[in-house]
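Heads up: the structure comes next, in structure tokens.
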Amino acid sequence: MRTTAALLVVFAVSGGALAAQEKPVPKDSMRVTVIGCAKGAAFTAGPRTESQVGRADIPEGTRLRMNASKKLRGEINAHDGEMIQITGLMKKGQYRDPGIPVGGGVRVAPGAGGVGVGVGRPSPEVGAVNYIDVESWQPAAGNCPG
């Protein structure tokens, strides 16, 4: 009898955890998973791996502002400076390429060796902040730079 009751509790809890992770994605958003480093409310995307799905072409070095519950934020902050993987929701079309648009889809942006010029998607806003509503996180292999 006790074993049956314990098993029912375990199944109820695990079923609730699965249901919490499977929130429906709004039509104007997408669920992404990104590996990188967190520091406070900021998250910097790390290198993309071949096995990583759901990255949505977020390039290495992209900064995201994390929105999360206090509990989740506390867990992530305990791992500042460590490589982690976050999963969350981002608005479609929210991502803005870094740099300054100079016209014709061309943007001037800082690069690893100075200033770079590239052709990208035009962005009406310069300095726009990219947000992610964090749903979960887990440790990832690798080290954060600096």
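All of the numbers you see were taken from the coordinates with simple rules; none came from a lab. Everything quoted here is computed from the prediction, not taken from an experiment. Using ideal geometry, Cβ is built from the backbone for each residue, glycine included, and neighbour counts are taken over all protein chains shown.
So the values come out like this:
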{"item": "Any pair with Cβ under 8 angstrom, 6 or more apart, that starts in the stretch 127-146 at a residue that is on the phi < 0 side of the Ramachandran plot and in a loop (DSSP other than H, G, I, E, B) and ends at one that is among the acidic types (D, E) and surrounded by 11 or more Cβ atoms within 10 Å (Cβ to Cβ)", "result": "C144/E82"}
{"item": "Residue count, the stretch 74-94 (criterion: closer than 18 Å to C144 by Cβ, in contact (Cβ under 8 Å) with a residue 40 or more places away in the chain, outside any loop (DSSP other than H, G, I, E, B) and not acidic (D, E))", "result": "5"}
{"item": "Matching residues in the stretch 74-86 - criterion: being surrounded by 17 or more Cβ atoms within 10 Å (Cβ to Cβ) and either of a type outside the set (A, V, I, L, M) or within 19 Å of V25 (Cα to Cα) (or both)", "result": "Q85, I86"}
{"item": "The stretch 24-37 residues that are in contact (Cβ under 8 Å) with a residue 60 or more places away in the chain, paired with ones that are among the basic types (K, R) and in a strand (DSSP E or B) (beta carbon under 9 Å, 6 or more apart)", "result": "V25/R31; P26/K91; D28/K91; S29/K91; M30/K91"}
